[in-house]
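Pasting in a structure now, in structure tokens, and then I'll have a few things to ask.
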Amino acid sequence: MDPTLAARTLTASTEIATAALAGNDPDAVLHLVVRAAAELAEADLGLLMAAAEDGSLTVEAAHGAREPDPVGLVLSPRSSAARVARGGVPIVADDVTTDPRTAPYVPAELRVYGPFAAAPFGTRETRLGALTVYRRRSAKPFTSATVEVLTAFAAQAGLLFVLAEGHNARERVGLYEERERIARDLHDVIVQRLYAAGMQLDLLSRRSRRLARADATRLADAVDQLDAAIADVRSVVRTLRNPDPKPPAADLAESVRAEVATARELLGFEPSVDLTDDIADVPPEIADHFRAALREALSNVVRHAGALRVAVHLRRDRHNLRLTVADDGCGIPRGVSQRGLKNLRERAEQVGGVCEVRSSPRSGTTVTWQVPLPRA
């Protein structure tokens, strides 16, 4: 490899590693990756595409001269880039619109380009998508050396991205566990000590008949202040464990969005949300169980899944309210306490419903929580 090109590749990889491990916005990190790829390949356009479950690719980041903006563009599972993402083998073409391997599935937005190269993005175990570069028609084709550089860079950047996701996930779980530890210490230690001190003062005030009225009043005030302090600490504990205060039943949809927003802070990405509109009249008891079930399901994802995608679906028909929380994580690891899943099942059963859990290391985990609604 040309020493100058090697130095530029190393500089770009270092910049990406620094940004990814610092917990920067994933979209910003992806833009760094695609910009560096386009510059290293001397391309007019660089695209970073994420793979979906159906094998299609979606353009997540772009760099270079483009009109219209291809971000959001979906490529067929049969496209050359999709085959590269699945198979892990790079491809290069002198003209993306005429080469029989690439031409059938080139979208109209990319037909202004000619020379094309694509490399797999991710690792052998975690294939995230493809990194593609394009040059305008009549431009020089990409050389084999350029494709080698692109492939090595895509593999390295993909590995950095996967490692950074794991690093950031551990930090988010650590934050979640730290909040839980503080809440537990406040509840189990501080509240108990305040309560014991208040009981002793109250007992003293009852036994001490010789106290002057002013001293008795001050003692009673101290007991009241301890009671108020206990109430404040318990409020803090509730906030630590549930930052979103319980809303009324009519705001169930807003409550779902608030729970998802809390999970987003801990996960580092936005879970998708699909809500039914007709939930304003869900009975308060069922709405309370529903919120707790959603919180527990998202908490399990944060703690254990290591997911890159989470989807929340809420559906209501004439007879049932159904919640589905699906992730693409590692499934339920062996040896992990299933207390949370037990809580989900018990809550469903309390209101005559059911909770089903499907999990595997390949497809992640799907929790379906369904309860009946009272007839009008």
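Along Cα→Cβ, 7 Å out, is where each label goes; now give me the distance between the ones at D274 and R218 in nm to one decimal.
The answer from the label model is 6.7 nm.
Would you mind calculating the gained length between T58 and A197 on full extension (0.36 nm times residue separation, minus the Cα-Cα distance), in nm to one decimal?
In short, 43.9 nm is gained.
Something else now. Cβ neighbours within 10 Å, averaged per peptide: list 117-130, 77-90 in order, most packed at the top. Working shown, then result.
Values: 117-130: 21.7, 77-90: 19.6.
So the order, starting with the most tightly packed, is 117-130, 77-90.
A further question follows. What does the charge add up to near T98, with Lys and Arg as +1, Asp and Glu as -1, over the other residues with Cβ less than 12 Å from its Cβ?
0
Share of the stretch 55-146's accessible area from carbon and sulfur, percent, 1.4 Å?
53
For S76, put the label point 7 Å out on the Cα→Cβ axis and report which residues of the stretch 107-141 keep their amide N under 14 Å from it.
Residues passing the 14 Å test: 107-109.
Given points 7 Å out from each Cα along the Cα-Cβ axis, report the S144 to V233 separation in nanometres with one decimal.
Rounded to a tenth, the inter-label distance reads 7.3 nm.
Oh, and also: Of K140, K342, which has the most accessible area with a 1.4 Å probe, and how do the rest follow in descending order? It would help to have the intermediate numbers written out before the result.
Numbers: K140 155, K342 120 Å².
Ranked list, largest accessible area first: K140, K342.
Same structure, new question: So how much slack lies between E109 and R181, counting 0.36 nm per residue of separation and subtracting their Cα-Cα distance, in nm?
So the extension gain works out to 20.7 nm.
The values are calculated or read from the model by the stated rules, or taken from the named source; none is laboratory data. What you see is a predicted model, and the numbers here were worked out from it, not measured in a lab. Using ideal geometry, Cβ is built from the backbone for each residue, glycine included, and neighbour counts are taken over all protein chains shown. Just so you know, the surface numbers come from the protein's heavy atoms only, side chains and all, with ligands and any DNA or RNA stripped out. Shrake-Rupley method; radii C 1.70, N 1.55, O 1.52, S 1.80 Å.
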